[in-house]
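**Student:** Quick one: the structure is below, and I'll ask about it shortly.
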Amino acid sequence: MSLEDLEQFQQIVLRDASLQAALRETADREAFIELTVRLGRESGCVFTHEEVAQALRARRRALLERWV
Amino acid sequence: MGMTTDVRQLSKWTPLRLYWQESSAFVDWCYVGEQRLTDPFYDQTVERSLRNPCNLLFRHQTPIETLGQLQEAEPCLPPRGFIFHTSRCGSTLISQMLASLRAFPGVPRIFLYREPAEVMVSQLRRRGAHMIPGAIEPALFDMDMADVFRMPQEEYVARVLAKICGEALRHLDDEALLLNYRQLPEAVWSALPGFFGVDYAEPDLERMRRASRLDAKNPSLAFADDTAEKARGVTDAVRRACEQLVEPLYQKLEAARTARRHRRSA
């Protein structure tokens, strides 16, 4: 359920420029993860610090794959 | 992850990559905000943007058809010109010099090339992705996977370079300008204005001259001509592969370039 909540929160953020601006201001990785978890909870999406960290690692790995 | 369907959300985002999923093509987007695209290479801009964890975690993904929808909703400037090249031949320099003027009139094409042995020496020292055996589908270069790992590296690099030059010759038409690396940087303000149909004022010319004195890939450094140094790096293996596979095509490019120059001055 919590990974689904993270995906749901990702869609909420992508539709909300003010949420994007708030998250984008936090360049420090650990502070960003904490903020993401907190804002996620405020939006009704519950996920853990580790799940966000894993998602970041997965995103980075996916970008290292071959470009089309 | 869900797909973005509202193109209005893509303002200040640029395409990052295409990818395939179950036989359909999709676009991954990167937030660039207000920053101008001034890096020598787009992937440098992307890399800097993605250092921000928000830009890494929260990215739009759309079906490829969204590109057409976006163009209808917010038409962008048409491409003004294309620079095709053999690599390691000053294409970054030209891009930087043109970007310094925001000058992209018309859609003519340049094919920029260089003495093939010099390109090969540069590629063997530091490979572009297309020069790494297996990194790009070998069939694009008329080879198969067994071939690319069997042959000496000099032969692979020469075959890729030959394919690029061959395709350039095959697609030559009146819209294309051939440019040799040794014509740079002066050709940018002598040959390109007429080709692109623009007039450069003196302040524009001075800005281009200043840009040409910098290393195009690392603008914090001054430009240094490495032609002699590249020539010293040509091994017997490079020379053999170059003479057998690329030099004949290079000579055809030079002949075509010379013939066009004579036609223009007639």
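The values are calculated or read from the model by the stated rules, or taken from the named source; none is laboratory data. Fair warning: this is a prediction, and the values are worked out from it, not measured in the lab. A quick note on method: Cβ atoms are made from the backbone with ideal geometry, for glycine too, and the neighbour counts reach across all protein chains shown. For the accessible areas, the whole protein counts, side chains as well, though only heavy atoms, and no ligand, DNA or RNA atoms are used. Shrake-Rupley method; radii C 1.70, N 1.55, O 1.52, S 1.80 Å.
**Student:** Within chain A, list the GluC sites (Glu not before Pro) lying in a DSSP loop whose Cβ has at most 13 other Cβ atoms in a 10 Å radius. If you can, show how the numbers build up before the last one.
**Tutor:** Numbers: sites: A:Glu4, A:Glu7, A:Glu25, A:Glu30, A:Glu34, A:Glu42, A:Glu50, A:Glu51, A:Glu65; in loops: A:Glu25, A:Glu65.
Answer by residue number: A:Glu25, A:Glu65.
**Student:** Can you pull the percent of Cα pairs in the protein assembly as shown with separation above 30 Å? Working shown, then result.
**Tutor:** Values: 27530 of 55611 pairs.
The answer is 50 percent, as a whole percent.
**Student:** Residue by residue through segment A:45-61, what is 3J(HN,Hα) from phi via Karplus (6.51 cos²θ - 1.76 cosθ + 1.60, θ = phi - 60°)? Round to whole Hz and write x for glycine and proline.
**Tutor:** In residue order, the calculated couplings are 10, 10, 8, 9, 4, 5, 5, 5, 4, 5, 5, 4, 5, 5, 4, 5, 4 Hz.
**Student:** May I ask you to derive the FRET efficiency for B:Leu205 and B:Gln44 from their Cβ-Cβ distance with R0 = 22 Å, giving the value to the nearest 0.05? Mind showing how you got there, number by number?
**Tutor:** Details: r = 27 Å, r/R0 = 1.24.
Efficiency computed from Cβ-Cβ geometry: 0.20.
**Student:** Taking GluC sites (Glu not before Pro) that fall in a DSSP loop and have at most 12 other Cβ atoms within 10 Å as cut points, what is the longest piece of chain B between them?
**Tutor:** Details: sites that count: B:Glu22, B:Glu34.
That gives B:35-266 as the longest site-free run.
**Student:** Which of the chymotrypsin sites (Phe, Trp or Tyr not before Pro) found in segment B:1-78 are loop residues per DSSP with 14 or fewer other Cβ atoms within 10 Å of their Cβ? Kindly include the intermediate steps, with their values, before the conclusion.
**Tutor:** Values: sites: B:Trp13, B:Tyr19, B:Trp20, B:Phe26, B:Trp29, B:Tyr31, B:Phe41, B:Tyr42, B:Phe58; in loops: B:Phe41, B:Phe58.
Listed in order of number, the matching sites are B:Phe41.
**Student:** Sticking with this one: So what's the angle, to the nearest 10 degrees on a 0 to 90 scale, between helix A:2-14 and the longest Cα principal axis of chain A?
**Tutor:** Helix A:2-14 sits at roughly 90 degrees to that axis.
**Student:** Let me ask you something else. Can you tell me the relative contact order of chain A? Whole percent, Cα pairs under 8 Å, sequence separation 6 or more. It would help to have the intermediate numbers written out before the result.
**Tutor:** Working: 38 pairs, mean separation 25.1, N = 68.
Relative contact order here is 37 percent.
**Student:** Probe radius 1.4 Å, ligands and nucleic acids left out: which of B:Leu184, B:Leu67 has the largest accessible area, and how do the rest follow?
**Tutor:** Values: B:Leu184 25, B:Leu67 65 Å².
Result of the area sort, largest leading: B:Leu67, B:Leu184.
**Student:** Shifting gears a bit: Apply 1/(1 + (r/R0)^6) to the Cβ-Cβ distance of B:Glu137 and B:Leu77, taking R0 = 22 Å, and write down the FRET efficiency to the nearest 0.05.
**Tutor:** On the way: r = 32 Å, r/R0 = 1.45.
It comes out at approximately 0.10.
**Student:** Next up: Can you list the aspartates and glutamates whose alpha carbon sits under 12 Å from that of B:Lys230, skipping same-chain ones fewer than 8 residues off?
**Tutor:** B:Glu115, B:Glu118
**Student:** Further question: If you restrict to DSSP beta bridges whose two residues both lie in the protein assembly as shown, what percentage is antiparallel, to the nearest 5?
**Tutor:** Details: 12 of 21 bridges.
If I count the DSSP bridges inside the protein assembly as shown, around 55 percent turn out antiparallel.
**Student:** Quick check: with the 1.4 Å probe, what order do B:Ile64, A:Ile33 take by accessible area, largest first?
**Tutor:** In descending accessible area the options line up as B:Ile64, A:Ile33.
**Student:** Tell me, what is the percent relative contact order of chain B, built from C-alpha pairs under 8 Å that lie six or more residues apart?
**Tutor:** On the way: 306 pairs, mean separation 52.3, N = 266.
It rounds to 20 percent for chain B.
**Student:** Provide the solvent-accessible area of B:Arg240, counting protein heavy atoms only and rolling a 1.4 Å probe, rounded to the nearest 10 Å².
**Tutor:** Ignoring ligands and nucleic acids, B:Arg240 comes out at about 150 Å².
**Student:** Let me ask you something else. What does the charge dipole of segment A:2-67 about its Cα centre add up to, to the nearest 20 debye, if the Cβ of each Lys and Arg holds +1 and the Cβ of each Asp and Glu holds -1? Before the final figure, lay out each step's value.
**Tutor:** Working: 10 positive and 12 negative charges, 68 e Å.
Its charge dipole is roughly 320 debye.
**Student:** Let me ask you something else. Report the one residue of B:Val32, B:His85, B:Ala211 whose Cα lies farthest in the direction of the positive end of the charge dipole of chain B (charges on C-beta: Lys and Arg +1, Asp and Glu -1; origin at the Cα centre).
**Tutor:** B:Ala211
**Student:** Something else: Report the normalised scattering of segment A:2-67 as log10 I(q)/I(0) at q = 0.14, 0.16, 0.23 Å⁻¹, calculated by the Debye formula with identical scatterers on the alpha carbons.
**Tutor:** -0.40, -0.52, -1.03
**Student:** Further question on the same structure: With θ set to phi - 60° and the Karplus curve 6.51 cos²θ - 1.76 cosθ + 1.60, what are the ³J(HN,Hα) couplings of segment B:137-149 in order, to the nearest whole Hz, using x for Gly and Pro?
**Tutor:** Result, rounded to whole Hz: 3, x, 4, 4, 10, 6, 10, 10, 4, 5, 4, 5, 8.
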